[in-house]
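Enquirer: Structure incoming, see below.
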Amino acid sequence: IFHHKLGTESDRIKRISDIALDIARIINADLKSTEIAVSLCKLDLVSEMVYEYPELQGVIGKYYSKKAGFKSSISEACYEHYLPKGQFDEVPRKPLSVVLALADRIDTICSFWAIDLKPTGSKDPFALRRAAIGIIRILLENELDLSLIALLKLGNGNLDFDNLIDFFNERIRSQFVDKGIRLDVIKSINIKTYQEISLNEIFQRTFAVHNFVMTDAGESLIQGYKRAVNIL
């Protein structure tokens, strides 16, 4: 059982598979390899090795699939789809690993949102904040031309989508803070405004505005705008 309201691990794999195949078509990843990788990526969770050492999930899956004769891109995806595990971990780079990593996280977040098990305060038992940051980092650091909102719509549709977008908006802002962008520029971002634009392009636009407002011309424009607003 994955979760009593969300079914078994097998049910979960079916959901991830549907999402992964849609993403694979968008980024031109191999569909057959995607299908095989999804079917294998969680199998090590029921092994005695992972039962004894939970921290080896994915690692053991990589070795098991390699030993079973699957090609290296599939074996690597069994491990790399868990990346990034933390703030400073590398993100997956290979197309198959990227597809699985995104699909897994999208299903996790959308499924728990659908049954109203969202993070509250400091409580986040299903690590949904970490999953969201993982999606954002994968999209940005691979410079993928993918709309975040379009990706999230591939998950469970029975959820409060506006609330989910607000949740992602906060995570995006925190990532942009880490990249050194001015706070006033960051506060102006709302990804609801950019439904069809990739997260990477939103970042490039934000960075361009940041660079402009740091110049004398940018400062003059802001001062002139403030005066006009105050007069009005």
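The values are calculated or read from the model by the stated rules, or taken from the named source; none is laboratory data. If you're wondering where the values come from, they're calculated on a predicted model, not measured in any experiment. All Cβ positions, even for glycine, are placed from backbone atoms using ideal geometry, and neighbour counts span all protein chains on display. Accessible surface areas use protein heavy atoms only, side chains included; no ligands, DNA or RNA. Shrake-Rupley method; radii C 1.70, N 1.55, O 1.52, S 1.80 Å.
Enquirer: What part of the accessible area of the chain, given as a whole %, is carbon or sulfur when the probe is 1.4 angstrom? Display every interim value, and only then the final one.
Expert: Details: 6770 of 12570 Å².
With neighbouring chains kept in place, the figure for the chain is 54 percent.
Enquirer: Can you tell me the Rg and the Dmax, both Å, for the Cα atoms in region 1-77?
Expert: Radius of gyration, then largest Cα-Cα span, for region 1-77: 13.1, 38 Å.
Enquirer: Right, another one. Report, in debye and to the nearest 20, how large the dipole of region 15-169 comes out about its Cα centre when Lys and Arg carry +1 and Asp and Glu carry -1 on their Cβ. Display every interim value, and only then the final one.
Expert: Working: 18 positive and 22 negative charges, 58 e Å.
The dipole of region 15-169 has a size of about 280 debye.
Enquirer: Something else about it: Using a cut-off of 18 Å between alpha-carbon atoms, which aspartates and glutamates can reach Lys94, once sequence neighbours fewer than 8 places away in the same chain are excluded?
Expert: Partners found: Asp22, Asp30, Glu35, Glu76, Glu80, Asp104, Glu141, Glu143, Asp145.
Enquirer: Have a look at Ala114, Leu21, Phe207 and report the one farthest towards the positive end of the charge dipole of the chain, computed about the Cα centre with Cβ charges (Lys/Arg +1, Asp/Glu -1).
Expert: Phe207
Enquirer: Also, I was wondering about something else. Holding the Cα-Cα limit at 24 Å, pick out from Lys85/Lys187; Lys62/Lys118; Lys118/Lys192 the pairs that are longer than that. Write down the numbers at each step before the final one.
Expert: Details: Lys85/Lys187 27 Å; Lys62/Lys118 31 Å; Lys118/Lys192 20 Å.
Correct reply: Lys85/Lys187; Lys62/Lys118.
Enquirer: Further question on the same structure: Rounded to the nearest 500, what is the 222 nm mean residue ellipticity of the chain from helices alone, with -39500 (n - 2.57) per DSSP H run of 4+ residues and division by all residues?
Expert: Details: 12 runs with 145 residues, N = 232.
Helices in the chain give a 222 nm mean residue ellipticity of -19500 deg cm²/dmol.
Enquirer: Using only the alpha carbons of the chain, determine the length spanned along each of the three principal axes and report them from longest to shortest in whole angstroms.
Expert: 71, 34, 31
Enquirer: Taking a cut-off of 18 Å between Cα atoms, list the lysines near Lys67, but don't count ones fewer than 8 places away on the same chain.
Expert: Hits, sequence-local ones excluded: Lys42.
Enquirer: Can you tell me the accessible area per residue over the chain, all protein chains present, probe 1.4 angstrom, in square angstrom? Write down the numbers at each step before the final one.
Expert: Values: 12570 Å² over 232 residues.
Value returned for the chain: 54 Å² of accessible area per residue.
Enquirer: Quick check: net charge around Val59, other residues with Cβ under 15 Å of its Cβ, Lys/Arg +1 and Asp/Glu -1? Provide the component values of the computation, followed by the final result.
Expert: On the way: positive: Lys42, Lys62, Lys66, Lys67, Lys85; negative: Asp44, Glu48, Glu52, Glu55, Glu76, Glu80, Asp89, Glu90.
So the surrounding residues net to -3.
Enquirer: Okay, moving on. Give the peptides 36-45, 164-173 in descending order of average Cβ contacts within 10 Å, highest first. The partial results should precede the final answer.
Expert: Details: 36-45: 21.5, 164-173: 17.5.
Final packing ranking: 36-45, 164-173.
Enquirer: Would you compute the Debye intensity of region 66-133 from its alpha-carbon atoms alone, equal scatterers and no solvent, and pass along log10 I(q)/I(0) at q = 0.12, 0.19, 0.23, 0.26 Å⁻¹ to two decimals?
Expert: Rounded to two decimals, the profile gives -0.38, -0.78, -0.97, -1.09.
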